[in-house]
1. Among D:THR288, D:THR236, which is the only one that is among the hydroxyl-bearing types (Ser, Thr, Tyr), in contact with a strand residue (DSSP E or B) (Cβ under 8 Å, 6 or more places away or on another chain) and closer than 30 Å to A:SER197 by Cβ?
2. If I ask for residues that are out of contact with any Lys or Arg (no Cβ under 7 Å at 6 or more places or on another chain), in a loop (DSSP other than H, G, I, E, B) and within 13 Å of chain C (Cβ to nearest Cβ), which ones from the range D:223-252 would you list?
3. Hey, among D:TYR46, D:TYR12, which residue is within 21 Å of D:ILE95 (Cα to Cα) and within 13 Å of another protein chain (Cβ to nearest Cβ)?
4. If you take the residues in the range A:294-313 that are more than 9 Å from chain B (Cβ to nearest Cβ) and touching a Phe, Trp or Tyr at 6+ places or on another chain (Cβ under 9 Å), which one is nearest to A:LEU349 (Cα to Cα)?
5. Regarding the range C:147-156, can at least one residue be identified that is of a type in the set (A, V, I, L, M), outside the structural domain of C:THR13 (by TED's automatic domain parsing) and in contact with a Gly (Cβ under 7 Å, 6 or more places away or on another chain)?
6. Quick test for you: out of B:ALA183, B:ALA223, B:ALA177, pick the one residue that is surrounded by fewer than 18 Cβ atoms within 10 Å (Cβ to Cβ) and either closer than 30 Å to D:ILE189 by Cα or at pLDDT below 95 (or both).
7. So which helices (runs of 4 or more DSSP H) stay within the range C:93-173 end to end and still have 3 or more residues that are within 17 Å of the chain's Cα centre (by Cα), surrounded by 23 or more Cβ atoms within 10 Å (Cβ to Cβ) and at pLDDT 95 or above?
8. Could you say whether any residue in the range C:201-218 is over 24 Å from D:GLY307 (Cα atoms) and either of a type in the set (Gly, Ala, Ser) or at pLDDT below 95 (or both)?
There are 4 protein chains.
Amino acid sequence: MIKVGIVGATGYTGAELLRLLAVHPEAEVAVITSRSEKGKPVADLYPSLRGHIDLAFSDPNLDQLAACDIVFFATPHGVAQSMVGHILQRGVKVIDLSADFRIRDVQVWESWYGQPHAAPDLISRAVYGLPEINRDAIASATLIACPGCYPTTVQLGFLPLLEAGCIDLNDLIANSASGVSGAGRQASINNLHTEVSDSFKAYAASGHRHHPEIVQGLNDMAALAGGSSQSMVNLTFVPHLLPINRGIHSTLYANLTDLSVDVQALFEARYADEPFVDVLPAGSHPQTNSVRGSNYCRIAVHRPNGGAKVVVLVVEDNLTKGASGQAIQCMNIVCGLAENAGLAAPALLP
Amino acid sequence: MIKVGIVGATGYTGAELLRLLAVHPEAEVAVITSRSEKGKPVADLYPSLRGHIDLAFSDPNLDQLAACDIVFFATPHGVAQSMVGHILQRGVKVIDLSADFRIRDVQVWESWYGQPHAAPDLISRAVYGLPEINRDAIASATLIACPGCYPTTVQLGFLPLLEAGCIDLNDLIANSASGVSGAGRQASINNLHTEVSDSFKAYAASGHRHHPEIVQGLNDMAALAGGSSQSMVNLTFVPHLLPINRGIHSTLYANLTDLSVDVQALFEARYADEPFVDVLPAGSHPQTNSVRGSNYCRIAVHRPNGGAKVVVLVVEDNLTKGASGQAIQCMNIVCGLAENAGLAAPALLP
Amino acid sequence: MIKVGIVGATGYTGAELLRLLAVHPEAEVAVITSRSEKGKPVADLYPSLRGHIDLAFSDPNLDQLAACDIVFFATPHGVAQSMVGHILQRGVKVIDLSADFRIRDVQVWESWYGQPHAAPDLISRAVYGLPEINRDAIASATLIACPGCYPTTVQLGFLPLLEAGCIDLNDLIANSASGVSGAGRQASINNLHTEVSDSFKAYAASGHRHHPEIVQGLNDMAALAGGSSQSMVNLTFVPHLLPINRGIHSTLYANLTDLSVDVQALFEARYADEPFVDVLPAGSHPQTNSVRGSNYCRIAVHRPNGGAKVVVLVVEDNLTKGASGQAIQCMNIVCGLAENAGLAAPALLP
Amino acid sequence: MIKVGIVGATGYTGAELLRLLAVHPEAEVAVITSRSEKGKPVADLYPSLRGHIDLAFSDPNLDQLAACDIVFFATPHGVAQSMVGHILQRGVKVIDLSADFRIRDVQVWESWYGQPHAAPDLISRAVYGLPEINRDAIASATLIACPGCYPTTVQLGFLPLLEAGCIDLNDLIANSASGVSGAGRQASINNLHTEVSDSFKAYAASGHRHHPEIVQGLNDMAALAGGSSQSMVNLTFVPHLLPINRGIHSTLYANLTDLSVDVQALFEARYADEPFVDVLPAGSHPQTNSVRGSNYCRIAVHRPNGGAKVVVLVVEDNLTKGASGQAIQCMNIVCGLAENAGLAAPALLP
């Protein structure tokens, strides 16, 4: 059994790791840390875990974490970068769910997150944990930076088109919408039921922290497809807040430069062997509840009136494929387990 | 007092007309027809109207309708076109909330709605009931075709840009999302609480009946702004289904052809005198609950990174400004009443 | 026009006062105070009020409040009791929406609210603002203590039975459920959308602050009906949290001591002349959305299998009839206006 | 591997069986029948099952069902009774999720369900599938009648009190509330999102089909505890409709006849060895989302003010412990598997 440590499991991504690991056939949770909830049984904070997780939160302790095979960070940005070096030195692999190691350009990171990076030397060591493009690198990684929730949908949605080199890079649009759990488990008036439910809005229309992460990923794909190595993609990204708990839906727009391409076939071929990317039949519209609690990303592709505009619809559960499920998928890869170990349960519907 | 008749008031737009007219200071409902609910008190179907509306549904009767000053049609498409002619002949004005008279090209209408039009000769007589562009024509109209719910948001959101001639007409995108009441009050598995709530999806990504209506309106605006009279606008329109009761949010994307334009000032100037269009301060993100139950349309404009892409965020209540509220606004105009009579109440929040 | 001041209008009951007063034909809001939001336009906090309320929050100022005809307190408990005396001395009437003056026994108040009462001498001056039992006293009051949201439903539901003296006082049960707005507009993890939506729970099953207020009211009713003046009612009250914004539903249980009573007729007779209490036909089940945003309380009565158990179903909007609507109803009474002035709009459905 | 057949899997309890069986380690679904959806892949109806269930619906066929080890009926009442006899004759065990075999008195069944019973001779053969009271009988059964969703919560909540003989049987109250999935997947205006969401109501306050089932169960418990064999329990049961997808919350009221009993200890002792009944610490309030998608029933007990009234709070997922999860629990028992096989996953929260 893989021994797992989790740093900072009081938030929703931490709770989602626990939910999934509770039934993982080859991993067991050994340590769960939280400074603020030290000593409290995990199941007191999350009654849904009563009978499943018997551990209590403990103060972060290097020796305890070093006794694990793998350590997840489910912390706000800024925490992992201050601790990861010590853990790696002890020969323990780290999977970071926060934003600390997602962006290769440290200056870009620092400008978006408003603080100096505490471990810039580790950034280049981090492997971006999107198995659909990085499976081999993940398998041999020691530090894995899990993608953000929005970036997973946008990258998986544009990937086949970018690899095929058949769209205009200069005008990509990602109109995305996320459930409220994406905002975390923080006391906040903005995320009260009364403020969010029975309503909808865009936010951060003028700029969001996931923008540079997405652009970095899209540029990589474009460069691999034979483009120049310079930054090329011009992306407009507008996130919205949905009155649902879990789920991201991204509606992507691009202009085809090659009208002869069969986009349905392109997507089906690209993801034929991917265990967690499901391309729906032509004409479909994926619904977020079809992936609620599951690690699937479901995609449909449309060309309205058969024109040059391609519209890609992508759904995922932001806490699962968008965070903790994908982190466990990475763990499975890096530990040599079946990639879907612990991730085989269907979505909860209705 | 204006005497009002309503044909087909069993659906949500009919109920919304009744809700608003119940407190209208200068109008009273005299006749409410429904073949299926004939004889049933309206308040039995809508308990929210107990104590407000004492009428019962009756069979449509031309003499009764002809005794009214104005008749609203809140019927599915196809009904108004078969009855409107008779009512107009009796000198009674008609406001049609259905799609029957929105599209000037009868062939386009017939191809989208899948049936022959029963009154093609009346189409040219109909005035499109969007007061922000047609106030004078509405004032002297006898037959008013109220805009669809999505079309109202998309047209009001693009209007200042089209009038200013500062965007590329060849690539407009309307990414819209509507509450479930937009689907009407029909028994349907797709709109069950279990299927819709805690979920989100796009639909009709390959084509929606509101597309030709929107394009017609946008082309008119572009033509008035000095463009050619030929069809010019290329619009991609993708509607989505929100797990909320009321509200539409449209996120519009266009490319500026003139980067020097101050889009905030442009919108504020265009709508300065409009009683029901509210341009929010720069940097804002309108939320649908800020217009819940009210006739306001609230708009914010963004230029991410100050670039060429302009993003317009538009919200309305699909049953109010998107249907019955706008219909009453038209009634007020055509009857010479204060334009906001009966429409002065703020939105219900939370 | 009645000049109105509102102390503490940043919460939901304050916002609801503003929503209702914005269209009140004979009252206008002159002052809105908030220490925390001083200087901020009200419409910046509540975008739904843009175009309706042009005032900004100001620091509480006795002279400004004294220039009003009537002052509402929409503050947490403890605030009104420290200010009301000064305002009353200036000859201004006060309507308090908080719990400060609802309970006549100051020791009971202090034990439930955990603090000494700052104005015990004013308690006896306060009139309990439930028009259905206190209309005349309200008309001549200078200080009105508005009932709590739960207590309004429970008292109106038991009132006809208690007045008729036909139920066993020793075993009354109120199983109530409230929407989230009842918890106010406070940053709190417990009331996040993620914690509340798609879920349901009881709370405070072992004791809730509204219990003594309800019992005081029920005892008064029982005493008036000819019982002894001693405390007699034995009430079990269990509140629950609904994943809705607005609305309270109380399911009341009592045992009939007189099986011959026609409970339907009893309720209809008792409330025949009440403008805001609507007794539904026999066999009905009131739904909270039938009163959403309106001042109505709707009631249905059942006797399962014609037995001794009577089940009363009561709904109200907790912010309207349960708080701000009832406060305005009291204002109308004390100011000699039509009792339904500003309260005539139907509920918002759907 | 146990070979499983499912008759009528187009509804929500059928889909829930499939969701759970998809990851059951020792059972596989061999046949799924539906007359209406014959030939359609299951995953076309439930996209959440894409990648998990590859079968298509087929017409019910006795030979195919007889080749299974066990057959579930997830059909409306009336269907199982017409088919079960043939299947039992072929030596295949049957677990019926419908109401057909729950009630021992066929006249009571026929009066509540309004039709003659087609297999009255099989009723006595059926074992009521509530493992907490019938585990041994279930283990040797050939026909298992799974309890209704409401009855599971009410019986588990009253069980320890009835077995201890410490409450007055003459006045029991069950105030229950269910999510919308309890109404099934039927096109119906009453269960539209627009009608249900942001609202709450009681229904069937004068009588519900689950009443006789609950009373039969409670009487059995009381009789076993030493009471007479006559019907003794007097129960008032009022169901309510919650605007949530899954979950039942029952608030139970009874009067203690022995004030010295420690109800918390009583419940903890009774359920100490039950794998799926979780008694929460004193003072707790279970929330339905703590069991969303799981087979747990969580219970808390209160005695307000330490008086004679005992209040029991019970939650379950109506589709899992209230239907399909409990059915699989019964399958595990009757097949000699670990009782929690396939049922070990924690609830989905948030």
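The values are calculated or read from the model by the stated rules, or taken from the named source; none is laboratory data. Because the structure is a prediction, the values reported are computed rather than measured. Please note: Cβ atoms are built from the backbone with ideal geometry, for glycine as well, and neighbour counts cover all protein chains shown.
1. After applying the criteria, what remains is D:THR288.
2. Listed by number, the residues that qualify are D:ASN234, D:LEU242, D:PRO243, D:ILE244, D:ASN245.
3. Numbers: D:TYR46 fails: within 21 Å of D:ILE95 (Cα to Cα).
Checking each option against the conditions leaves just D:TYR12.
4. Out of the qualifying residues, it is A:SER294.
5. No, the range C:147-156 has no match at all.
6. B:ALA223
7. Where helices (runs of 4 or more DSSP H) fall fully within the range C:93-173 and carry at least 3 residues being within 17 Å of the chain's Cα centre (by Cα), surrounded by 23 or more Cβ atoms within 10 Å (Cβ to Cβ) and at pLDDT 95 or above, they are C:149-164.
8. No: zero hits.
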